[in-house]
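> Just passing along the structure, written as structure tokens.
The values are calculated or read from the model by the stated rules, or taken from the named source; none is laboratory data. The structure presented is a predicted model; accordingly, all values stated were derived computationally and were not measured. For neighbour counting, all protein chains shown are included, and Cβ atoms are generated from backbone atoms with ideal geometry for every residue, glycine included.
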Amino acid sequence: MDLSNLKPAKGSIKGTKRIARGEGSGKGGTATRGHKGAKSRSGYKAKGGFEGGQMPLQRRVPKFGFKNINRKEYRGINLDTLQYLVDNKKITGKVDIDVLIANGLAHKNDLIKVLGRGELKAKLDITAHKFTETAKAAIEAQGGTATTI
């Protein structure tokens, strides 16, 4: 026995159903599509969510809530994250948006908000779009400055 004479087990491979190949095949005429209707025509494709005429789910379920178009999304950066960067000598003294982008904490179009989780042991001059009260107090307690853009 070698690779040239390998064959699948008898009966394990089933031939494909050859439809629309004449009446003698037993699958001629309507070619297993039934009689008339959109599904029997060529090019038929049901729209997404179509349930055969039944009211589709996205129309049966009521709408709720709303999206505020004026919402501003801020990228939150905690004090413990800044302290971690100080400990690893990634930042010193001044921290602005460019420094945060360089360290992978924000993207260039992000609005940045400094949050107060953790504790800060280093003196930092931080420039951001927003500060929480606890974060601002912690920064100023260490002798740093919190500048709002």
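> Before we move on, is K113 among the basic types (K, R), in contact with a strand residue (DSSP E or B) (Cβ under 7 Å, 6 or more places away or on another chain) and surrounded by 17 or more Cβ atoms within 10 Å (Cβ to Cβ)?
Yes, satisfied.
> With surrounded by fewer than 12 Cβ atoms within 10 Å (Cβ to Cβ) and closer than 30 Å to G144 by Cβ as the only criterion, which of E23, E119 stands out?
E119
> What residue, of A106, A46, is modelled with pLDDT of 90 or more, outside any strand (DSSP E or B) and under 30 Å from A20 (Cα atoms)?
A46
> Test each condition in (1) within 30 Å of L124 (Cα to Cα); (2) in contact with a helix residue (DSSP H, G or I) (Cβ under 9 Å, 6 or more places away or on another chain); (3) without any contact (Cβ under 8 Å) to a residue 24 or more places away in the chain; (4) basic (K, R) for R71 and report the one that comes out false.
Every condition holds for R71 apart from (2).
> Give the number of residues within the stretch 118-149 that are part of a loop (DSSP other than H, G, I, E, B) and within 31 Å of the chain's Cα centre (by Cα).
Kept after step one, since they are part of a loop (DSSP other than H, G, I, E, B), are these residues of the stretch 118-149: 118-124, 129, 132, 142-144, 149.
Keeping just the survivors that are within 31 Å of the chain's Cα centre (by Cα) gives 118, 129, 132, 149.
The number of residues fulfilling the criteria is 4.
> Kindly establish whether K63 is within 26 Å of A128 (Cβ to Cβ) and in a loop (DSSP other than H, G, I, E, B).
No: the conditions fail for K63.
> Just to be sure before I move on: is I77 hydrophobic (A, V, I, L, M, F, W, C) and either touching a strand residue (DSSP E or B) at 6+ places or on another chain (Cβ under 6 Å) or closer than 30 Å to L120 by Cα (or both) in the structure I sent?
So I77 fits the description; yes.
> Regarding T92, is this residue within 30 Å of T132 (Cβ to Cβ) and part of a loop (DSSP other than H, G, I, E, B)?
Yes; evaluated as a whole, the condition is true for this residue.
> Residue pairs, Cβ under 7 Å, 6 or more apart or interchain, first in the stretch 13-33 and modelled with pLDDT of 90 or more, second polar (S, T, N, Q). List them.
Here the result reads R18/S25; I19/T32; T30/S40; R33/S40, each pair linking the stretch 13-33 to a residue that is polar (S, T, N, Q).
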